[in-house]
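Student: A single structure is presented below for examination.
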Amino acid sequence: MNQLPRIGRPACFNGLRCRPTIGIRSVHGVPSCKPSRSPAAAAAKGSRWVILNEAVRRKKHSVVADAKTMAESRTSTGHHLRIYFGHAAPPASSSLYYDWAGSAPSAQDYAGELETIAAHGDSVLFEIKQGLSALFDITSESDYFVYSAGAARPPALSLIPAIPSELIKRHMININKCDTGLLRCGEDELLVVHLDLMTDRPRETADLFVLRLSGREWELKPAVPIVVDEDSTGDEPVQNQVPRTTYVAVPVGDRFMCWADYNGSGLLLCDMAEASPKLRYMPLPVIPYGGYGYYDDGYVPEREHSRNMCAAGANSLRFVSIDPRCCCGHSPSRSSCPHGRASFTVTTWTLTLRTDKAMKWIKESTIDCEEIWALPGYKGLLRMHPEFPILSSADPDVVCFMVHDEKRKTWVVEFDTRSKTLLSVIRGYVGPRSLPANLRCYRQLDAIENPTSLRKGN
């Protein structure tokens, strides 16, 4: 069972603004400080996005998760599950928490592990892993739920229908973070979309499994064509570029779903509003670098841990890549010079999504590590290659990433790529599967609508 963090005092670093945090300790060697504004004022200002932890943690009395965020539903085995939302303003991480009303299920029913799969807007798809009873039954699916907590509706929790067993047997479907996304289509419709890039067929097609929560039935869209722009692939054959696997599913607006392979193969785009959808391939705008891993004199994260995508509007996608930089200015690669082995650049691009015209990546910004290291707020942190960047779903110019020292103490840095300013630094952690989301808690909403309500203790 995961050890739950205790609520800590807000932490600050080198004069940067303080943020209330959950499970964040004060920076070692830097005194903690009080919040720069009252809790009511902080809530009234409000954070329009959150960094959502991968793990859904067990709720205990020591954890402050607002009761107004609680929603409940029954599992497929009849157990009564309750979900809560614990809010923390970025760059701190927020979490979903759970408990059981009545008796908890046994290990025979559930393995006791809950993990987020996908998020879009105010909704999160998560999984309860099956227990011992499912070990030898490939048709036995885990339970999947959608939790929603937004400004326009009370918190809700829904058990989504299981994929029919005959489809599982035929396609060996495994709903996971790499190929399953959540797409909110307006206020009243949610789609769960699973991409199946089967390895036993040519790369020109793929299968889509779509669940409309309003319809409560899975729909198979077989042999969806993969379309490639002739001028985007260069001389390499198309079949060698279209990804065999994907790392992440990214929703954009209320109609687009993207699947990306951060190792360099590119992304697949689908307009879910089309009656006969197609998948459009687009290569990434970066050259895959080599030389990642642990070294005696430093660490270069894997490519999947150095890149991130997020919606940048109703039909735009923002991409960030943190790449090692050779001190001699050569193509992206780890420098062999002692003083440049931790050097890197942070580059962002925007892609306007369309299915009827050619698409093109537009470079938005490039920041060199020396510019970041020279900022006053960065003083005291080790000069190492950052990892796990995550773009803000409220402002795509803002990126958070993690740095650590040789003892694996970790800090989370919030940085504005357009103004090249350091917004905040806290002791904390973000993981490779942290998600941007726009969940709200009722206490925060009360403060936004009536800033005096919290001060009055209402």
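The values are calculated or read from the model by the stated rules, or taken from the named source; none is laboratory data. Because the structure is predicted, anything quoted here is derived from the model rather than measured. With ideal geometry, Cβ positions are generated from the backbone for all residues, glycine too; neighbour counts draw on all protein chains shown. Protein only, heavy atoms only, side chains kept; ligands, DNA and RNA dropped before computing areas. Shrake-Rupley method; radii C 1.70, N 1.55, O 1.52, S 1.80 Å.
Student: So, in region 80-118, of the ones that are assigned to a strand (DSSP E or B) and over 25 Å from residue 181 (Cβ atoms), which residue ends up farthest from the chain's Cα centre (by Cα)?
Tutor: Just the residues of region 80-118 that are assigned to a strand (DSSP E or B), to begin with: 80-86, 93-101, 110-118.
If we keep only those that are over 25 Å from residue 181 (Cβ atoms) too, we end up with 80, 82, 99-101, 112.
Numbers: 80: 27, 82: 23, 99: 23, 100: 26, 101: 29, 112: 22 Å.
Among them, the one singled out is 101.
Residue-wise test of (1) hydroxyl-bearing (Ser, Thr, Tyr); (2) within 29 Å of residue 187 (Cβ to Cβ); (3) open to solvent by 10 Å² or more (accessible area, probe 1.4 Å).
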site: 69; (1), (2), (3): yes, yes, no
site: 86; (1), (2), (3): no, yes, no
site: 91; (1), (2), (3): no, no, no
site: 94; (1), (2), (3): yes, yes, no
site: 102; (1), (2), (3): no, no, yes
site: 107; (1), (2), (3): no, no, yes
site: 113; (1), (2), (3): no, no, yes
site: 116; (1), (2), (3): yes, yes, no
site: 120; (1), (2), (3): no, yes, yes
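Student: A further question on this structure: Going through region 402-426 one residue at a time, which ones are open to solvent by 10 Å² or more (accessible area, probe 1.4 Å), over 20 Å from residue 365 (Cα atoms) and either in contact with a Lys or Arg (Cβ under 7 Å, 6 or more places away or on another chain) or part of a strand (DSSP E or B) (or both)?
Tutor: Listed by number, the residues that qualify are 404, 410, 411.
Student: Residue check, residue 336 against (1) surrounded by fewer than 19 Cβ atoms within 10 Å (Cβ to Cβ); (2) at pLDDT below 95; (3) closer than 28 Å to residue 184 by Cα; (4) of a type in the set (Gly, Ala, Ser), all met but one. Which one?
Tutor: (3)
Student: While we're on this one: Within region 363-401, can you find the residues that are farther than 17 Å from residue 317 by Cα, open to solvent by 10 Å² or more (accessible area, probe 1.4 Å) and in a loop (DSSP other than H, G, I, E, B)?
Tutor: Matches in region 363-401: 374, 375, 379, 380, 381, 382, 383, 384.
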